[in-house]
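One structure is given here, and the rest of the page talks about it.
Please treat every number below as a calculation from the coordinates, not as lab data. These figures come from a predicted structure and were not determined experimentally. Reconstructed Cβ throughout: ideal geometry from the backbone, glycine too, with neighbour counts over all protein chains shown.
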Amino acid sequence: MNTVQPIPRPGPVPVELAPGVHWVGALDPGLRVFDVILRTANGTSYNSYAVRGSGGVAVIDTVKAEFSDAFFAQLEQVARYDEITALVLNHLEPDHTGAVAELLRRAPQARIHVAPRGLDMLRALLKDDFADYQVVKVRTGDTADLGDRTLRFLTTPYVHWPETQCTYLEEQEILFTCDLMGCHFCDERLFNDAVGDFRFSFEYYFDHIMRPFRRHVSEALDLIEPLAISAIAPAHGPVLRSHPREYITHYRRLLTKRLASEVAQKTLLIFYVSAYGATSQMAAAVAEGASENPDVRVSLFDLAVGEVAPFVDLIEEADGIVLGTPTINGDAVKTVWDLLASLVDIETKGKLGGAFGSYGWTGEAVAMVESRLQGLKMRVPVKGIRIKLHPTLPELEDCRDYGRQLSAHLTGTAEPREIDFASL
Ligand SMILES: Cc1cc2nc3c(=O)[nH]c(=O)nc-3n(C[C@H](O)[C@H](O)[C@H](O)COP(=O)(O)O)c2cc1C
Ligand SMILES: [Fe+2]
Ligand SMILES: [Fe+2]
């Protein structure tokens, strides 16, 4: 049999990060796919933390439901349930809230600290029990007092979900970031200076979890950067206690434009696939027309030559994309769908989009692609062009004109749309 058998080990033990601050999370070394879309080459961890102050204990995030036993076993080693005065929920996704309902049953006096946008999610999580607990909505600057320890909250929406926040332990300068600066990397040695090489996991996690929310991540870093930080304690992967600031700097680098464009022009990328050359002729004509505008830098790519992944970086920086596809069996060509599917990792809202293609009899592909572009919240200001079989010279001129119109929309020089009042 080819299954990997784990070496039997005793359960994890609480790990002290600083006096009174413990990791009480769970290791999940067997996980290979996370949230359906992410590969996890050596599993992950669900990091939960307990912070003890002279006036009470705070628990920051919990674990995925299946790992509740490990979590409670560890928590009980560092605190009694009646000592828990605060439960901080930095993120309501199930990988961090799987033990919340049970924890509240055991520590009903704990006040739940959650960002305002987490309230409805918390209600959905706790169902009828919600009314039994005290919930505090916290915003940037609000604090929770643990006697000689203070937790300060930073509202950081969309550093995965809308309700995400970070929590800063003022006296010990530890920042609990939940998904932000986390990664799926399972290593019981816990600290970044002790674990294996997790650079790949860190960037892979950024690419798939944080990159679609680039602007929000940047705003979160604006809040974080002024803080004095001794350690960053995320909810997945290593605790970053050695050179924590370098991880913030690295996030900044990952957020800034990957390909600094050496030109000040708007950028339009034209991608196409073509079986018999008709759509490729259209693509060349669209590119010609668009290039007449000196303020637009036009690039033309044949998707038939390879994989789509390398184009995702280009599209992230581009102002507009146009996709050319023939209709094959009533559909756009798979490579075009592959490219569109890979755009979930980047922000596409507001970019210009367009589609064109040759067809034989039904020609659905162009409208299907346009509708997907709109689904990605792109604007599609010019109706796409369909041409039956190979284009004639006048039809190629129509394609050039289509390109000209796209460029005009990119540079803000498009003619205002003529409204046909008769059709209203
Ligand atoms: C296998 C195959 C299936 C096709 N299915 C459709 C179809 O469902 N609807 C349609 O309008 N045209 C269909 N066509 C016709 C193509 O869209 C047409 O030949 C087009 O001009 C090809 O453009 P290209 O030269 O850019 O590949 C099909 C062509 C092939 C080869
Ligand atoms: Fe998440
Ligand atoms: Fe998570």
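Numbers below:
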item	result
Within-12-Å neighbourhood charge of residue 97 [Cβ basis; K, R +1; D, E -1]	-4
Mean residue ellipticity (222 nm) of the chain, computed from DSSP H runs ≥ 4 via -39,500 (n - 2.57), nearest 500	-8500 deg cm²/dmol
Net lengthening on full extension, residue 292/residue 227 (0.36 nm per residue, minus Cα-Cα)	18.4 nm
Low-density loop cleavage sites - trypsin sites (Lys or Arg not before Pro) in the range 309-379, where at most 14 other Cβ are within 10 Å (DSSP)	349, 377
Burial ordering of 337, 361, 23, fewest other beta-carbon atoms within 10 Å first	361, 337, 23
Scattering profile of the range 15-255 at q = 0.08, 0.10, 0.17 Å⁻¹ [log10 I(q)/I(0), Debye over alpha-carbon scatterers]	-0.25, -0.40, -1.31
Max mean-square fluctuation residue, GNM over the chain, Cα-Cα springs under 10 Å, options 236, 160, 390	390
Among 35, 295, 95, residue whose mean-square fluctuation peaks in a GNM of the chain (springs only between Cα atoms under 10 Å)	35
Beta bridge orientation in the chain: antiparallel %, DSSP, nearest 5	45
Listed residues 168, 100, 158: farthest to the positive end of the dipole of the range 15-255 (Cβ charges)	158
Charged-residue dipole, Cβ positions (Lys, Arg, Asp, Glu), the chain about Cα centre, Debye nearest 20	160
Relative pair counts by distance (%), Cα atoms of the chain, 10 Å bins	4, 20, 24, 18, 15, 12, 6, 1, 0
Relative contact order for the chain, counting Cα pairs under 8 Å that sit 6 or more residues apart, in percent	11
Among 89, 110, 141 - extreme Cα towards positive end, dipole of the range 15-255, charges at beta-carbon	141
Residue of 42, 293, 329 that the Gaussian network model of the chain assigns the largest fluctuation, springs spanning Cα pairs under 10 Å	329
Beta bridges by DSSP in the range 15-255, antiparallel share as percent, to the nearest 5	65
Positive-pole candidate from 314, 217, 290, dipole of the chain, charges at beta carbon	290
Relative contact order %, the range 285-359, counting alpha carbon pairs below 8 Å whose residues are six or more apart	35
Dipole moment magnitude, nearest 20 debye, the range 266-410 about Cα centre, only Lys, Arg, Asp, Glu C-beta charged	360
Loop sites in the range 188-295: GluC sites (Glu not before Pro), DSSP, at most 16 other Cβ within 10 Å	188, 262, 292
Relative contact order (%) - the range 15-255, alpha-carbon pairs under 8 angstrom, separation at least six	18
Normalised alpha carbon radius of gyration of the range 299-424 [divisor 2.2 N^0.38 Å]	1.08
